[in-house]
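> Take a look at the following structure, please.
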Amino acid sequence: MNKTRRASFLVAPAVLAAMTLSACQDEAPTAAPPTAASQPPSPSQTQGPAPTSQAPAPAPSSQAPAPAPSSTAAPAPAPSSGGAGQCEESSSYTLERGSVQPKPVGTPQRVTTENGSEVEVTVGKPTIDNSSGDTFFPGDGMQAVIYPITVKLISGSFYVTTYLAFGVADASDNACARDYGTVVKRSERMPVESLRTGDVKSAKAAYAVPAGTDMSKIYVLFADNYDAGKAELAWNGS
């Protein structure tokens, strides 16, 4: 009996305390979890991004880079007429050999002129003149070459002038300068006149060619229509 009552007395306060605690929890507000604003920032948020490591710049070279080799080959030298230079003529009246095949010097050649006349022309073997002339003709590094010329009118009429109807060119078809009276006397030059059938005129004509040139690569030219600048007859210059 006494044990049962003691047990009851002990249970009653415990039950009462539990009920009181439960009532307090029902009345007290529930504590909400802290918001993000109220939470202290993490160490990773308070610090900036870690600096990026950069490789050190290369030290400047004390030597300039070698230039890249050029892929363009050096131009080949221009063909020579056999000497140290080439022929030059400042006159606008020059003749080019073109495809005309030369004959040996001393060979008579005939041509039909624009007016239908027939002319025979002969160019003789040249002589080299290194004793006369000046810096104007034949000029430095040049030599004077003198050719004997004969013109015969076979038929019709013909007006001849040495310094226009005749010319000299090198192997590259560069016109050689004419002599206008420095080496060949004017009295020895072809007269500027009209020829009649059967007339024969002989004269000399001089030209400047590179000193020491191979005369087999020099050509004497003739053209009735010298305005066109194209040879109608040609002779090998040696």
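> Once you list every other residue whose beta carbon is under 10 Å from the beta carbon of residue 150, what net charge do they have if Lys and Arg are +1 and Asp and Glu are -1? Provide the component values of the computation, followed by the final result.
On the way: positive: 152, 201; negative: 120.
Result for the local shell: +1.
> Using only the C-alpha atoms of the range 81-179, find the volume of their convex hull and express it per residue in Å³.
Details: hull volume 11.9 nm³, N = 99.
Per residue, the Cα convex hull of the range 81-179 comes to 120 Å³.
> Rounded, prolate or oblate: which fits the range 112-238, taking a ≥ b ≥ c as square roots of the Cα gyration tensor eigenvalues, rounded meaning a/c under 1.5, else prolate when a/b beats b/c? Present the calculation step by step, with values, prior to reporting the outcome.
Values: a/c = 2.20, a/b = 1.66, b/c = 1.33.
Because a/c hits 1.5 or more and a/b exceeds b/c, the range 112-238 counts as prolate.
> Taking K and R as +1 and D and E as -1, what net charge do the other residues with C-beta under 11 Å from the C-beta of residue 113 add up to? Kindly include the intermediate steps, with their values, before the conclusion.
Values: positive: 110; negative: 114, 118, 224, 232.
Around residue 113, the surrounding residues sum to -3.
> Per residue Cα convex hull volume for the range 135-209, in cubic angstrom?
On the way: hull volume 6.8 nm³, N = 75.
Hull volume over Cα atoms, normalised by residue count, gives 90 Å³.
> Here's another thing I want to ask about it. Regarding the range 172-238, what are the three Cα extents along the principal axes, ordered largest first, in Å?
The Cα atoms of the range 172-238 stretch 39, 27, 21 Å along the principal axes, largest first.
> At 1.4 Å probe size, with every protein chain present, just tell me what the per residue accessible area of the range 102-227 comes to in Å². Numbers along the way, then the final one.
Values: 5760 Å² over 126 residues.
It amounts to 46 Å² per residue over the range 102-227.
> Report, ordered by chain and residue number, the lysines lying within cross-link reach of residue 217, taken as a straight Cα distance under 30 Å and ignoring same-chain residues fewer than 8 apart.
Cross-link targets: 103, 125, 152, 185, 201, 204, 230.
The values are calculated or read from the model by the stated rules, or taken from the named source; none is laboratory data. Since the structure is predicted, the reported quantities are computational estimates derived from the model, not experimental observations. Please note: Cβ atoms are built from the backbone with ideal geometry, for glycine as well, and neighbour counts cover all protein chains shown. In case anyone asks, the SASA skips ligands and DNA or RNA and just uses the protein heavy atoms, side chains included. Shrake-Rupley method; radii C 1.70, N 1.55, O 1.52, S 1.80 Å.
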